[in-house]
Each structure stands twice: as C-alpha cells, then as structure tokens.
Amino acid sequence: MNPLNKFKYNVIVLILILMAMSCNTGKELDNSQFTQVAVARPGGGSSGMEQIDDCTYLVVYDLKSYIDGYRMSMINVEDESLNVLPIAITSWDEDGISSDLESICSVPGKAHEFLAAESGNWQGNLGRVFHFKVDTASLEATLVGSIQLPMQDRNDFGVTGDQYEAILCLPYDTDRRIVVLGERGGSTANPHGIIRWGILDLNNHTFNMSGAGLQGKEVNVPGNWNDPLTKRDITDFHLDENGEIWAAASEDQGDSGPFYSIVYKLGKVNTTDKKNPITIYESIETTKEIYGFKIEALSGACEGINSTHCFGTEDEIYGGVWRPLNMNEGH
C-alpha cells in the first residue's frame, strides 16, 4: 500500500472508531452493561464464596461504593469450562449500594437465602450485613433486609479499624441465627484475628453482639510470614459436613505481591452450646501453604475433581482465580 492510500485507510478507520464511540456517549449504564472483565472476574476470583451445589458457588466482590459493577456472581465449574455468571441485585437499603463485600454464608433452614457482609464501617458509617434471597435461574438477588454491624474500631484515612473478612451462619431458633464474624487482624487496632458472634433476627433485622461474643476469641496462626505484624489471620471460613471450621489466612506485601496464603483447621461448632457456639483449637497448625496467591474465599470441593476444598483469590493487579485444593496432598 502506497503512503497516500495508507494515510486514507487510517483516516477512515479513525472516523469509524469515533462514530462508534459517539453512539455510546451519554448512555447511562444499567446493571447489565457493566464491564464484566473488571468486576465479574472471569477467572473466578472473589472476596467471599459459598457452595450452593456440587460444583456451583455464590461469590461476592469487594468493590467500593464509588465503583460501578456487579457485587455478586455464580460460578459454575464444568468438565471443560469455568463459567462466571453475574447476578443482578435488584435493590439496596437507604444507605445505598454495598461497599467492600468480603464474605457470604447461607442461612440454615432458609432455602436460597444468604447473608453477605461488608468489611466494616467507613468513618463510622456503613459496615452492614445484607440479607438476600437469590434466584439462580433468573440470576437476580432481592434484598430482604440489612443490619448495621456493631462498630469496635473506626476506619478512616490512614487508620485501619474493623475488617471483617469471614462469616458463618448457624442455627439458633425459628427466626434467629447465630452469626459468626472473622476479624482479619494485621492492624494496629487488631494485631491478630478475632472471632466474634451474635444473634441476628431474620424478621426485624436486628443484631445483638454482646458479652463473650463481643469480646471474641483471638486467633494467631503460624506460617512462613514475611511480616507477622501485617499478616491477615482470617480471610474466609468454610464449615464442612463434620462441623469443623476451616479458615484461610494471607499476606499481601503490595498490589504487585508477592502473595502467600495458608489454609488451616480453626475449630469446630458447638451444637449444644449456643452461648459459646465456637471452639477454637488450642493448637493451630498450618495445613496447606499456597505461594503466589492471596486467598480471600474458601469453600468445599467440586464433585468429580480430586480435591477436598476450593479457593478464590484477590490477586490485585493480576486479577483473581478459582482453584481446587486437595488438603491431603503434600504442600
């Protein structure tokens, strides 16, 4: 192509691109137009995960309130593909869209109902647990209600306060459930992880966390940490069929890493003691080390894959992934 024709060709291509861009200018994005590559994370990464079927998982994302995008997706793992299906949340409470969802759990005894929690307050506001009813056929979630988390330590610019990254929901009575929260640790306010719990009323959406549940139980996990003072002792929970509680911990040396995580047995559920619903094991040992990944989501195995668990990551500039994990194999 001679220089003149090449110049004309480039001009035509540029005009076509500008015309295409102008057609979209001024359109208001609705929930179906968000860039899924940025927020639905096709690799399966997430900040919290709950298994809803043999190889199907509900996950949440830690987008801040000023960022548009999906807050929830469904991951379906098949023989030859991993499918991430964004879920539209049809409404929010009066404080608006979520900010930094870090965990999710199913509500025992309530089909298709889940609790998803923000990490904590921001300047004394937000810090909520959302109660959703999820329709996996239509890929929609309806807000049933929300509650405010009791604030222990305020988050602000340059100050790290409450950072809850894990949640469990346990039976209590007909209308109430025990909610167990995992403070991640790694801050001046909370150097180590803390397990706290309280009673959430599903009808009037109140949350009572007091006494031993408010004081909590400290968790300090071993590992090959670069800086033990900034490690995050709890980044998610997984409750197995035997009532044992597994947890993940991670270290983040910066947005470009390197990352390091462990998965460990934290304790067990006390089914006969509702005032003290969790027993933390006296000796916590590193069960599995995972180098190069920052695990923020932990769940059960996908049927048909040689694994005991699975995890989701938030690897900052590298994105995130879903991976199976076999705790019975070597490190």
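The values are calculated or read from the model by the stated rules, or taken from the named source; none is laboratory data. All of these numbers come straight from a predicted model, not from anything done at the bench. Glycine gets a Cβ as well: all are built from the backbone with ideal geometry, and neighbour counts include every protein chain shown.
Against the list (1) within 16 Å of L82 (Cα to Cα); (2) touching a Lys or Arg at 6+ places or on another chain (Cβ under 6 Å), the condition G304 fails is (2). Here G267 clears all of (1) more than 24 Å from E218 (Cα to Cα); (2) of a type in the set (G, A, S); (3) assigned to a strand (DSSP E or B) except the condition numbered (1).
In region 259-272 there is no residue matching the filter, namely being basic (K, R) and in contact (Cβ under 8 Å) with a residue 60 or more places away in the chain.
Of all the residues in region 316-325, those that are at negative phi and either at pLDDT below 95 or loosely packed, with under 14 Cβ neighbours inside 10 Å (or both) number 3. Of all residues in region 280-315, those that are within 30 Å of A212 (Cβ to Cβ), surrounded by fewer than 18 Cβ atoms within 10 Å (Cβ to Cβ) and modelled with pLDDT of 95 or more total 2. Elements of the type strands (runs of 3 or more DSSP E) sitting completely within region 52-112 and holding at least 2 residues that are surrounded by fewer than 22 Cβ atoms within 10 Å (Cβ to Cβ): these cover 72-77, 82-89.
Just to be sure, is I195 at pLDDT 95 or above, of a type in the set (V, I, T) and in contact with a Lys or Arg (Cβ under 6 Å, 6 or more places away or on another chain)? So I195 fits the description; yes. What tally of residues in region 159-190 results from selecting those that are charged (D, E, K, R) and over 18 Å from the mean Cα position of the chain (by Cα)? Going through region 159-190 one residue at a time, the tally reaches 4.
If a residue must be of a type in the set (D, E) and crowded, with 17+ Cβ neighbours inside 10 Å, how many such residues does region 119-152 contain? Residues flagged as of a type in the set (D, E) and crowded, with 17+ Cβ neighbours inside 10 Å within region 119-152 amount to 0.
The single residue among E314, E244, E296 that is touching a Lys or Arg at 6+ places or on another chain (Cβ under 8 Å), under 19 Å from L82 (Cα atoms) and of a type outside the set (S, T, N, Q) turns out to be E314.
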